[in-house]
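K.L.:
Supplied in C-alpha cells, the structure appears directly below.
No value in this document is a laboratory result; all are computed from the given coordinates. Keep in mind that this is a model prediction, so the values were computed, not measured. Cβ placement follows ideal geometry from the backbone for every residue including glycine, while neighbour counts extend to all protein chains displayed.
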Amino acid sequence: MLPGRAVAGPLPGRGLALRGTVWTGGAATPIDGVVVVAGDGTVAAVGPVDAVGVPADLPVLGDRGWWIGPGVIDAHAHLALAEPEQLLVGGVVGVRDLGAPRPLARAYRTGPDGPPPARPVVAVAGPVLTAPGGYPSRSWGAAGFAEFVDTPERAEQIVAGLAADGVDLIKIALEPGPGWPVPSPRVVRAVVEAAHARGLPVVAHALTVDLVGRALDAGVDELAHVPVERLPPSMVDRLAAAGIVVVSTLQTFFACGEGPTAAANAAELVRAGVRLVYGTDLGNVGTRPGVDPRELDRLAASGLGRLGALRAATEGAARVAGVAGRHGRTGRIEAGGPAVLVVLSGDPLVEPGVWWCPRVVVCDGRVVT
Ligand SMILES: [Zn+2]
C-alpha cells in the first residue's frame with residue numbers, strides 16, 4: 001500500500017491498483033472494492049476486494065475510505081475565460097466550450113479520431129450566433145465570441161461555415177438584456193434547420209418564458225442554462241415532451257443573484273422528467289475550474305439527490321451532443337474499457353467538498369495528482 005503517495009506521469013508499465021469505495025457509475029451500488037488499471041490505460045478488472053486478484057507486485061493507491069468513480073463532464077464551459085489547465089487535475093475529463101472565437105474553438109477541439117488527448121476531451125460550438133448587436137457582442141463576447149445572423153440566408157451561410165470548421169454543435173443566443181436585439185423566430189428556425197441538415201444539434205441561451213418558447217418553436221435540442229424566469233407548468237411540460245436537455249449552470253446564477261428562481265425551475269424540470277445535466281458555465285461569475293461541489297449540491301437539491309447529481313455529471317453529461325462517449329468519456333468504469341476516473345479522499349455522497357481537491361485522476365494512460 002502506498003496511500004497518498006504521489007504518482008504523476010504515464011501509468012507504470014505493469015499498471016496500478018486503486019483501492020477504496022468504488023462507484024462504477026449509473027445505477028451501480030458503491031462497493032468496497034478495487035480497480036486494476038493496466039499499463040495500457042484500460043480497466044483490467046473492477047470489483048469487490050476479495051473477488052479481484054491484485055498481483056502482489058502491483059503498486060496500490062488508496063485505502064478504505066477513499067472513493068473511486070468516473071471522471072466528470074462539464075457540458076457548458078468557456079475555456080477562453082478560464083484556466084483550462086486546471087480542469088483535469090480537478091476531476092473534469094471532458095468539456096463543451098459553448099462560445100469561443102473560431103480560431104480558439106479550432107485550437108481547443110479534440111478531433112474525432114487520433115490518439116486520446118491526455119487532457120479533457122473538448123467539444124466546441126464556436127462563436128455564439130446572435131442578432132446584429134445582440135448578446136454577447138456588447139459584453140463579454142465583444143472580440144469574436146459572437147457572430148451576427150439576421151436573415152435565413154445568412155443563417156444557412158454561417159452554419160455551413162461552422163460545420164465546415166468542424167464544430168460539434170451550434171449555439172444561438174436569445175437574450176434581450178437591457179434592450180439588446182434578439183434573433184427573430186424565422187431566423188432561429190432557419191438556424192435550426194441549417195444545423196439539423198448537417199447533423200448538428202442546437203443549444204439555445206434562453207432564460208425567459210417568451211424566449212424559451214421561441215427556441216422550442218424553432219426546434220432547438222438543448223437549453224444552455226436553466227431559465228431564470230419562473231416557467232409555467234405548461235412550458236415545463238413542453239420541455240419534457242420535446243425531450244430537451246437542460247444544462248444546469250445553477251451555481252453561477254446563485255453567484256449573480258438569480259439562483260432562487262433558477263433553482264425553483266430546476267426542481268420543476270426534474271419533477272417533470274426533463275433531463276438536467278451538469279454544466280457550470282465555467283468562466284462566468286463565481287465559477288472555478290475543476291468539478292464544483294456547489295453545482296453538484298444545487299443539482300442534488302433540485303430533486304436528483306446526491307447520487308442523481310453525480311449521475312447527471314458523469315453518464316448524463318457524457319451523453320450530451322459533442323462528447324457522446326468520445327475517447328472513453330462514458331461516465332462509467334467498465335472492465336475492458338478505457339480508465340477515465342477520479343480518486344477522492346472520501347465519499348462525495350457523504351461530503352461533496354472532497355471534490356475541491358481530487359487525490360488522483362487517471363485518464364488516457366496517465367496518472368495526474
Ligand atoms: Zn455560457
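K.L.:
Which percent of Cα-Cα pairs in region 204-251 sits in each 10 Å bin, short to long?
P.N.:
29, 65, 6
K.L.:
Please give the net charge around D165, taking every other residue with its beta carbon less than 10 angstrom from that of D165, where Lys and Arg add +1 and Asp and Glu add -1.
P.N.:
Every neighbour counted, the sum reads +3.
K.L.:
Please label the shape of region 120-225 as rounded, prolate or oblate, based on the square roots a ≥ b ≥ c of the eigenvalues of the alpha-carbon gyration tensor (a/c under 1.5 means rounded; beyond that, a/b larger than b/c means prolate, else oblate).
P.N.:
Rounded, since a/c falls under 1.5.
K.L.:
Positive end of the charge dipole of region 72-327 (Lys, Arg +1 and Asp, Glu -1 on Cβ, about the Cα centre): tell me which of A300, A267, V246 has its Cα farthest that way.
P.N.:
Farthest along the dipole direction, towards plus: A300.
K.L.:
Just how many % of Cα pairs in the chain lie over 28 Å apart, if you round to the nearest whole percent?
P.N.:
More than 28 Å apart: 42 percent of the Cα pairs in the chain.
K.L.:
I would also like to ask the following. Please report the net charge: other residues with Cβ closer than 12 Å to the Cβ of V323, K and R +1, D and E -1.
P.N.:
Local charge sum for V323: +1.
K.L.:
Would you kindly state how much longer the chain becomes between R271 and V350 on full extension, computed as 0.36 nm times their sequence separation minus their alpha carbon distance, in nm to one decimal?
P.N.:
Here the answer is 26.1 nm.
K.L.:
Report the paramagnetic label zone for R288: residues of region 332-367 whose backbone N is under 12 Å from a point 7 Å from Cα along the Cα-to-Cβ axis.
P.N.:
Residues 353-358 qualify, since their backbone N sits under 12 Å from the label point.
K.L.:
How much length is gained on full extension from A241 to A51, taking 0.36 nm per residue of separation minus their Cα-Cα distance?
P.N.:
The A241-A51 span can extend by a further 64.0 nm.
K.L.:
In whole Å, how far is the Cα centre of region 299-325 from that of region 88-156?
P.N.:
Their Cα centres are 22 Å away from one another.
K.L.:
Can you check what the net charge comes to around R294, using other residues whose Cβ is under 14 Å from the Cβ of R294 (Lys, Arg +1; Asp, Glu -1)?
P.N.:
Within the 14 Å Cβ shell, the charges total -3.
K.L.:
Counting alpha carbon pairs within less than 8 Å and at least 6 residues apart, what relative contact order, in whole percent, applies to region 72-327?
P.N.:
21 percent
K.L.:
Nearest 0.05, what FRET efficiency do R64 and D40 give at R0 = 35 Å with Cβ-Cβ as r?
P.N.:
With a Förster radius of 35 Å, E is 0.80.
K.L.:
So if we plug the beta-carbon distance of C256 and A143 into 1/(1 + (r/R0)^6) with R0 = 35 Å, what FRET efficiency do we get, rounded to 0.05?
P.N.:
0.95
K.L.:
Let me ask something additional. Would you please name the trypsin sites (Lys or Arg not before Pro) within region 209-287 that are DSSP coil residues with at most 15 other C-beta atoms within 10 Å of their C-beta?
P.N.:
Passing both the DSSP loop test and the Cβ count: R230.
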